[in-house]
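Beneath this line is the structure, given in structure tokens, with notes to follow.
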Amino acid sequence: MLKLGCIADDYTGASDLANTLTRAGLRTVQTIGVPASDLALPQVDAVVVSLKSRSIEAELAVARSRAAETWLRSRGAAHILFKICSTFDSTDKGNIGPVMDALRADSGDTIVLVTPAFPETGRTVYMGNLFVGSVPLNESPLKDHPLNPMHDSNLVRVLARQSKTRIGLVELATVTRGVEAVRARLADLASKGAGAAIIDAVFDRDLETIGAVALDHRLSVGASGIGLGLARSLAGSGAGRPIEVSPEKPVGGPAACLAGSCSQATLGQIASAEKIMPVLHLDPDQIVKGKDEGRRALAWARERLGSGPVLIASSAAPDQVAGLQARHGRDTAGHAIEQAMADLAEGLVQAGVRRLVVAGGETSGAVVDRLQIPGFLVGAEIAAGVPVLRAVGAKPGDMLLALKSGNFGGTEFFSDALNLMR
């Protein structure tokens, strides 16, 4: 019987969370999409269901999330974490608010705790405002996100624009007083009609307080930080146990990297990779026009795979992305690039690639869907929030992947990943 069920709104966030839960002592499996009702699971404490629902229509995101919740509850999950991005990626239409509202209604909870804080990765919340490192969200590079530009750091306001319920705030001063103080604050907010509360977190110890209180309820919403708090509380209660990892034989064979994220972090990682491996920069306008650019890139890669790893990137600076969207439309450009990267992944695997690094949440989702990989076992951690993933039930057979959110990882991320993916 599951102790914790998780619904992640994108694939890289799901692997981040699965990695966090595993490190905290919970036996965890990550699935791609809602599993079949008869899926046989090993003995695990937590399952992370990966959805690609962050940037789709809100009604579809709600439907998929509810289907995942139904499956997890059927496996005995007493608590569900709706896992969102640590930068609260969303628009005024959702999808965080609509999904939260629906899952809250299903759970019967009076009030739900919400926080994207994860201090380990530089995401903190103070007085309801989200900080990325030392700057507010709306002053960070996320203000230029190509799909969900974030222009307001006050999460009480952001969530209120998306949700049908009143949003309250649990301030850091309350969190530092401990579990009972937070419980009392939540009860007060609920008595005043709030259905959700943003809760501050600046230090790791704050997450443990939040996790303990969240387990009083059937639902919580947040990034991997709240997942860490939940896992520590569950492990402390005896739900978790040490993970026994058996050594795996190397996968070997050619390796490749695909980069679709336009974050400053990924752009820097691509520049660093150019010093150690061949890198091809795709022409986004040609991608939108048709398949020829993808065919050219695949031919380029096949000529070089025998000599070592290669990297193919559609990533571009914010002004270039804005120009592309102005010429072709945001949705058209985004869809064309995702499908081109999925085509490339499929072609690379057909060419023998069994070690694949993918940068970007939307890109990772498109790639994993195309490769029809049903699930992953979590391996070694490459960078905070990014583990090596061993595919389970993949058609190509044994295969290693790394799925990286655009903003994660250090400058040498691609080489670091390949060094661990043997």
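The values are calculated or read from the model by the stated rules, or taken from the named source; none is laboratory data. The structure presented is a predicted model; accordingly, all values stated were derived computationally and were not measured. Positions of Cβ are backbone-derived with ideal geometry, glycine not excepted, and every protein chain shown enters the neighbour counts. When the accessible area is computed, the model is the full protein with side chains, heavy atoms only, and any ligands, DNA or RNA have been set aside. Shrake-Rupley method; radii C 1.70, N 1.55, O 1.52, S 1.80 Å.
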*Would you calculate a helix-derived [θ] at 222 nm for the chain, using -39,500 (n - 2.57) for each DSSP H run of n ≥ 4 and dividing by the full residue count, to the nearest 500?*
-12500 deg cm²/dmol
*asked:* Angle check, please: helix 330-350 long axis (alpha carbons) against the longest principal axis of the chain (alpha carbons), in degrees 0 to 90, nearest 10.
replied: 60 degrees
_How high is the relative contact order of the chain? Use alpha-carbon pairs under 8 Å, at least six apart in sequence, and give a whole percent._
19 percent
_So for each of 49-60, 100-111 I average, over its residues, the number of other beta carbons within 10 Å; can you give me the resulting order with the highest mean first?_
49-60, 100-111
*Can you send over the solvent-accessible area of F203, 1.4 Å probe, protein chains only, in Å² to the nearest 10?*
100 Å²
*Just list whichever of K3/K249; K249/K395; K83/K291; K143/K404 have alpha carbons separated by over 28 Å in the model shown.*
K3/K249; K83/K291
_For the chain, Kirkwood radius (reciprocal of mean inverse C-alpha pair distance, Å)_ = 21.5 Å
*Cleavage-rule hits, trypsin sites (Lys or Arg not before Pro), the range 272-333, DSSP coil, Cβ neighbours within 10 Å at most 11*: K275
*Any chance you could tell me what percent of the C-alpha pair distances in the range 253-331 go past 16 Å?*
53 percent
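How large, in Å, is the range 183-234 by the Kirkwood hydrodynamic radius built from its alpha-carbon pairs?
Hydrodynamic radius (Kirkwood, Cα only) of the range 183-234 equals 11.4 Å.
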_K192, K3, reordered so the largest accessible area comes first (probe 1.4 Å)_ = K192, K3
*Exposure ranking of L142, L147 by accessible area [1.4 Å probe, largest first]*: L147, L142
*Can you give the angle from 0 to 90° between the axis of helix 179-191 and the longest principal axis of the chain, with both taken from C-alpha atoms, to the nearest 10?*
80 degrees
*May I ask for the angle, rounded to the nearest 10°, between helix 318-328 and the longest principal axis of the chain, with both axes built from Cα atoms and the value confined to 0 to 90°?*
80 degrees
*Kirkwood hydrodynamic radius for the range 80-158: how many Å is it when counted over pairs of different Cα atoms?*
13.2 Å
*Please report, in debye to the nearest 20, how large the charge dipole of the range 102-158 is about its Cα centre when each Lys and Arg carries +1 at its beta carbon and each Asp and Glu carries -1 there.*
80 debye
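On average, how much accessible surface per residue is there in the chain, in Å², for a 1.4 Å probe, leaving out ligands, DNA and RNA?
On the way: 16360 Å² over 422 residues.
About 39 Å² of surface per residue is accessible.
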*Carbon + sulfur, % of accessible area of the range 336-422 - ligands and nucleic acids excluded, 1.4 Å*: 47 percent
